[in-house]
1. Once you have the Cα-Cα distance between D116 and T65, take 0.36 nm times their residue separation minus that, and quote the gain in nm to one decimal.
2. Could you compute the net charge surrounding R67? Neighbours are other residues with a C-beta less than 14 Å from the C-beta of R67; K and R count +1, D and E count -1.
3. Past the 26 Å Cα-Cα mark, which pairs from K10/K99; K99/K197; K44/K80?
4. Over the chain, what is the percentage of antiparallel beta bridges among all DSSP beta bridges, to the nearest 5?
5. When we measure straight from the Cα of K132, which lysines land under 21 angstrom away, once same-chain ones fewer than 8 places off are left out?
6. Expressed as a rounded percentage, what relative contact order does the chain have, with Cα pairs under 8 Å and six or more residues apart?
7. How big is D for the chain, in µm² s⁻¹ as a whole number, if Stokes-Einstein is applied with the Kirkwood radius of its Cα pairs at 20 °C and 1.002 mPa s?
8. Which three extents, in whole angstrom, do the alpha-carbon atoms of region 1-54 cover along their principal axes, largest first?
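Nothing in this text is a laboratory measurement; each read-out follows from the coordinates by a stated rule. For clarity, every value in this text was computed on a predicted model and none was experimentally measured. Backbone-built Cβ (ideal geometry, glycine too); neighbour counts: all protein chains shown.
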Amino acid sequence: MELHIIDTKKQLVLADSVFGCEFNESLIHQVVTAQLAHRRAGTKAQKTRSEVSGGGVKPWRQKGTGRARAGTIRSPLWRKGGKIFAAEPRDYHQKINKKMHRVALRSMLSELIRQDRLTVVDTFQIEAPKTKSLTKKLHDMQVTGPIYILIHNFDPDLYLASRNLPYVTICNVSAQPIDAVTLVKSEKVFATEAALKVLEDLLK
């Protein structure tokens with residue numbers, strides 16, 4: 001597969017086994033759902049009658065008071081008592097094999113190319129580490145909406161310029177994995193030539 005590198009006359013040749021795969025919607029849905037589930041904190045918690053403090057003494061004697069019998073003030077029937085079916089911390093993690101994750105990423109990248117949402121650049125540099133420099137560059141490229149930028153080396157200027165732009169995400173493919181959720185949500189994905197070569201080696 002050949003891709004044109006914008007602002008140059010070069011053509012980038014990529015392996016069809018990585019960037020020319022069929023669209024596997026069910027697998028992509030499974031991987032994206034697993035990543036979203038993994039982000040859930042799952043820290044919701046409530047206390048049962050055995051966990052609520054106090055209530056160690058019977059509030060009044062069993063008979064002779066005219067009141068209903070009670071064994072503890074921490075009964076779920078009482079105010080400030082325990083919860084009958086108390087919520088407990090949960091782990092929403094879903095297991096995804098490495099092979100499944102690689103296949104899903106290959107399918108997503110291939111579909112992005114077919115939809116003309118992936119653009120190859122020689123380098124993605126800005127004039128200064130300022131937000132307005134990156135904003136101006138994106139405006140000149142006529143790009144709006146969620147943007148994913150794939151680079152192969154950490155660029156401190158680009159990182160500093162993108163921190164205040166919630167719709168721009170930077171990924172150093174040599175040091176961190178690609179986020180499948182961001183990849184699906186992005187209207188435009190920019191990738192340097194070197195970054196795609198790194199991805200090609202990782203996803204073979």
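1. Answer, rounded to one decimal: 10.3 nm.
2. +4
3. Details: K10/K99 32 Å; K99/K197 19 Å; K44/K80 18 Å.
Those over the limit are K10/K99.
4. Expressed as a percentage, antiparallel bridges in the chain total about 15.
5. K188
6. Over the chain, the number comes to 24 percent.
7. Value of D from the Cα-based Kirkwood radius: 102 µm²/s.
8. The principal-axis extents, from largest down, are 77, 27, 12 Å.
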